[in-house]
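Let me begin by presenting the structure, written as structure tokens, before commenting on it.
Rule-based calculations on the coordinates, nothing more; no lab input. Treat the numbers as computed from the prediction; the structure is a model and nothing was measured. Using ideal geometry, Cβ is built from the backbone for each residue, glycine included, and neighbour counts are taken over all protein chains shown.
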Amino acid sequence: MDMPRARKKMVETQLISRGITDERVLSAMMKVPRHKFVEEAMAAQAYGDYPLPIGYGQTISQPYIVAEMTQALGLKGYERVLEIGTGSGYQTAILAELCGRVYSIERIKPLLLRARNIIDDLRYFNVALKAFDGTLGWSDEAPFDHIIITAGSPSIPPPLVKQLKDNGTMIIPVGSRDEQELLKITKSDNSFTKESLGLCRFVKLIGQNAWEE
Ligand code: SAM
């Protein structure tokens, strides 16, 4: 299978056609080899318009949702971004292309180790990974310019708001186990404003400040 061609088709038919306009996001999605982040047996499906299983009951998100969440951050290149839910590491790699440094937390250690290997093989040197409960954030490295949560939460975890810089944005799916609203939170002083980016469906954010296992 011609992977660069499949990637180009993904960008044109799934992203540009649905309104993704940020040229930097489109270039990153054109460049990062998504098929390396899934099991070899699934490589041919990696550029399809859907999420795929990555083991342990988890998924690599649909390309469009990765692009939409990334575009909503409006990255310029210098930012420090915290990601909760490393999963396959694909979203981490997209962020690594677009910001200064990515800090990514995953609660399932074998997934984190697999992501670490792929990210190292692809030579992304601006990524720090940690096996931890991401609903507690990464206090030693806070505050962050932006925070992106790639699992669905019943509410906004307070430690994450605390660890966000003033004027920083957080992208988080909030709602029930079955459906969430994708929210863009902008922090200012000690409060924040919310903007809805539409409905979505993510696997559960499990931790002290989200769902129980
Ligand atoms: N961004 C990922 C990618 O590109 O492959 C997709 C992530 S998957 C939809 C959600 C991930 O969040 C899962 O790997 C899950 O284990 C992880 N997760 C759930 N709760 C978490 C928590 N409290 N802390 C860290 N990771 C968590």
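The per residue volume of the convex hull around the alpha-carbon atoms of the chain is 109 Å³. When the trypsin sites (Lys or Arg not before Pro) in region 1-107 are filtered for DSSP coil states and for at most 11 other beta-carbon atoms within 10 Å of their beta-carbon, the remaining sites are 76. With the cut-off at 31 Å, tell me which of the pairs 130/184; 109/162; 36/162; 76/194; 162/204; 36/194 have Cα atoms farther apart than that. With Cα atoms farther than 31 Å apart: 36/162; 36/194. DSSP beta bridges confined to region 3-200 are antiparallel in about 50 percent of cases. Taken about its Cα centre, region 162-213 carries a charge dipole of roughly 140 debye when the Cβ of each Lys and Arg holds +1 and the Cβ of each Asp and Glu holds -1.
In the chain, helical runs assigned H by DSSP with n ≥ 4 each contribute -39500 (n - 2.57); averaged across all residues and rounded to the nearest 500, the mean residue ellipticity at 222 nm is -7500 deg cm²/dmol. Under 5 Å between amide H atoms, partner at least 5 residues away or on a different chain: which partners does residue 197 have, H built in plane at 1.01 Å? For residue 197, whose amide H was placed from the backbone, the distant partners under 5 Å are 182, 183, 184. Sparsely packed loop sites in region 113-199 (the chymotrypsin sites (Phe, Trp or Tyr not before Pro) outside DSSP H, G, I, E and B with at most 11 other Cβ atoms within 10 Å) comprise 125.
Residue by residue, region 86-101 carries 3J(HN,Hα) couplings of 4, x, 6, x, 5, 4, 4, 5, 4, 5, 4, 5, 10, 10, x, 8 Hz when phi is fed to the Karplus relation 6.51 cos²θ - 1.76 cosθ + 1.60 (θ = phi - 60°); x denotes Gly or Pro. Amide H to amide H distances under 5 Å link residue 146 with 80, 82, where only residues 5 or more positions off or on other chains count and H is placed in the peptide plane. Using a cutoff of 8 angstrom between alpha carbon atoms and counting only pairs six or more residues apart, the relative contact order for region 3-200 works out to 14 percent. Distance between Cα centroids, region 150-172 to region 97-116: provide it in whole Å. Using only Cα atoms, the two centres lie 17 Å from each other.
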